[in-house]
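Quick notes on the structure that follows.
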Amino acid sequence: MPDTKILKHPVAAEQCASCIFRTDGNQVELRAGRLDKIREYLLRGKPHRCHGPATKGHQSKLACRGGRDYQLQLWSRMGWIEDATDEALEKRMRELESQE
């Protein structure tokens, strides 16, 4: 389960035009094995910074929307959150914080 600090990272409202998680063929190509490494740390609850041109100047502040959607899908399938939504993640993180 991700650390509750994940909520402190604002997420881009939508995938940028070159998002590595796009499925329409417009994503940036990564070197062999890089996407697997990114998916691995996403699964552990770490955010991926958005590197898209629309976020110039905000790169260190916004988490990648595509990366967050990937996390939400996985955590929902694993039963960690009720649904693959930001709201479900926030609800679960608040529950975990109250248990500490």
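The values are calculated or read from the model by the stated rules, or taken from the named source; none is laboratory data. As the structure is a computational prediction, the values presented were derived from the model and not from experiment. Cβ placement follows ideal geometry from the backbone for every residue including glycine, while neighbour counts extend to all protein chains displayed.
Scanning segment 26-47 for residues that are within 12 Å of the chain's Cα centre (by Cα) and part of a loop (DSSP other than H, G, I, E, B), we see that the one that is surrounded by the most Cβ atoms within 10 Å (Cβ to Cβ) is Pro47. Residue pairs whose Cβ atoms lie under 7 Å apart, sitting 6 or more positions apart in sequence or on different chains, and linking a residue in segment 1-25 that is surrounded by 13 or more Cβ atoms within 10 Å (Cβ to Cβ) and modelled with pLDDT of 80 or more to a partner that is of a type in the set (Phe, Trp, Tyr) and assigned to a loop (DSSP other than H, G, I, E, B), are Gln15/Phe21.
The set of residues in segment 73-100 that are more than 13 Å from Ile6 (Cβ to Cβ), hydrophobic (A, V, I, L, M, F, W, C) and without any contact (Cβ under 8 Å) to a residue 12 or more places away in the chain contains only Met78.
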